[in-house]
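Student: Sharing a structure below in C-alpha cells format, with a few things to ask.
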Amino acid sequence: MSFTQADAAARAGVAYRTWRRLESEGKASIEDLVRAAIALRCERDLAALFPEPAATSMDVLLQQQRAEHAAAPKRRLRAPSSKASS
C-alpha cells in the first residue's frame, strides 16, 4: 500500500494534521490509532498492545503473589563465619 498522508488520513477518517502528528510524534488518541490501523489493514496487530491483565481484582493478584511466593525455592541462609584473627 502506498498512500499519501492525505489519502491515508482520509481513509482512516482522521484529520490530515492528526495523521502527521501520529507519524512524526507517535501521538494520537486510542480511537485515532485504531482508525489508522484499520485503514492500513493491520488491526490484528493491535491485540499485542493490550495484553490480558495479570489479575481481575486485587484479591486475585494477592492470591497469585502468595502462591508464587510459596512455590519459590527456599534459600538457605548461612550464619556469619567467625574467623579468629591470629
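The values are calculated or read from the model by the stated rules, or taken from the named source; none is laboratory data. Predicted, not measured: the structure shown is a model, and the values here were computed from it. Positions of Cβ are generated from backbone atoms using ideal geometry, with glycine treated the same way; all protein chains shown enter the neighbour counts. Ligands, DNA and RNA are stripped out before the accessible areas are found, and what is left, the full protein with its side chains, is counted by its heavy atoms. Shrake-Rupley method; radii C 1.70, N 1.55, O 1.52, S 1.80 Å.
Student: When only the heavy atoms of the protein chains count and the probe is 1.4 Å, how do ASP59, ASP32, ASP7 rank by accessible area, highest first?
Tutor: Result of the area sort, largest leading: ASP59, ASP7, ASP32.
Student: When only DSSP loop residues count, what trypsin sites (Lys or Arg not before Pro) in the stretch 1-82 have their Cβ near at most 11 other Cβ atoms within 10 Å?
Tutor: LYS27, ARG41, LYS74, ARG75, ARG76, ARG78
Student: At R0 = 35 Å, how high is the FRET efficiency between GLN65 and GLU31 if r is their beta carbon distance? Nearest 0.05 is fine.
Tutor: After rounding to 0.05, the efficiency reads 0.50.
Student: At q = 0.19, 0.22 Å⁻¹, work out log10 I(q)/I(0) for the chain with the Debye formula, treating every Cα as an identical point scatterer and leaving solvent out; two decimals please.
Tutor: The calculated log intensity ratios at q = 0.19, 0.22 Å⁻¹ are -0.87, -1.03.
Student: Determine the per residue accessible area of the chain with all protein chains present and a 1.4 angstrom probe, expressed in square angstrom.
Tutor: Accessible surface, normalised per residue, equals 91 Å².
Student: If you add up the charges near ILE38, with Lys and Arg at +1 and Asp and Glu at -1, over every other residue whose beta carbon is less than 12 angstrom from its beta carbon, what do you get?
Tutor: Cβ neighbours under 12 Å give a net charge of 0.
Student: Assuming R0 = 25 Å, what is the FRET efficiency of ARG75 and ALA54, from their Cβ-Cβ distance, to the nearest 0.05?
Tutor: Calculated transfer efficiency: 0.50.
Student: Mean separation of Cα pairs under 8 Å and 6+ residues apart, divided by the residue count of the chain: what relative contact order is that in percent?
Tutor: Over the chain, the number comes to 18 percent.
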